[in-house]
1. Cβ neighbours within 10 Å, averaged per peptide: list 26-37, 95-106 in order, most packed at the top.
2. What FRET efficiency would be calculated for the residue pair Glu28, Asn85, taking the C-beta separation as r and a Förster radius of 35 Å, to the nearest 0.05?
3. Solvent-accessible area per residue for the chain at a 1.4 Å probe radius, Å²?
4. Measure off, as a whole percent, the carbon and sulfur share of the 1.4 Å-probe accessible area of the range 22-71, all protein chains present.
5. Note the full-extension length gain between Lys72 and Ala38 as 0.36 nm times their separation in residues minus their Cα-Cα distance, in nm to one decimal.
6. Students often check this: by mean Cβ neighbours within 10 Å, which of 76-83, 48-55, 60-67 ranks highest, and how do the rest follow?
7. Between Val103 and Arg45, what length in nm is gained on full extension when 0.36 nm per residue of separation is reduced by their alpha carbon distance?
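The values are calculated or read from the model by the stated rules, or taken from the named source; none is laboratory data. Bear in mind the structure is a predicted one, so any value in this text is a computation, not a measurement. Note that each Cβ is placed from the backbone with ideal geometry, even for glycine, and that neighbours are counted across all protein chains shown. Remember, those area values only see protein heavy atoms, side chains included, never the ligands or the DNA or RNA. Shrake-Rupley method; radii C 1.70, N 1.55, O 1.52, S 1.80 Å.
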Amino acid sequence: VHNNSRLRRHLAAMSMAWYILKDNRADEAERMARSAFANLQERIRGDLETRFWWFYDAGVFGRIMDELGQFKEALRGYRACITANPHTYLADAARRRMTELQVAKGF
C-alpha cells in the first residue's frame, strides 16, 4: 500500500487541495489545486489511470476555484470535467454550475 500511494500520489493531490480548502487554508489550497491541475493535464497524455480519473480531478478543481471566486478557472475545470466524461453526476453538476456562472457573471 505504501509503495502504491507513493507512486500514485498525483491522484490524491486534488482531493488534498479540497480538504485544505475546507480547513480554511485558501491560499495553500489554490496553489496546490493549480499545481495539481497542471500536473494532471500533462499526465493524462500518457498515463491511463490518470486519464481515467481526469473527470473527477477536473470537477474538483472547478469546485475549488469556484469557492475561491476564481470563476474563469472554475469554468476551465468544469469544461474539462464534462469533456473527459459527460455521462457522470459530476459532469451534470458542472453543466448546471457553468450555466449559473455564465448567467450571473456573463462568462
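1. 26-37, 95-106
2. 0.80
3. For the chain, the solvent-accessible area averages 62 Å² per residue.
4. Carbon plus sulfur share of accessible area: 47 percent.
5. Result: 10.7 nm gained on full extension.
6. Listed from highest to lowest mean packing, they are 60-67, 76-83, 48-55.
7. 17.6 nm
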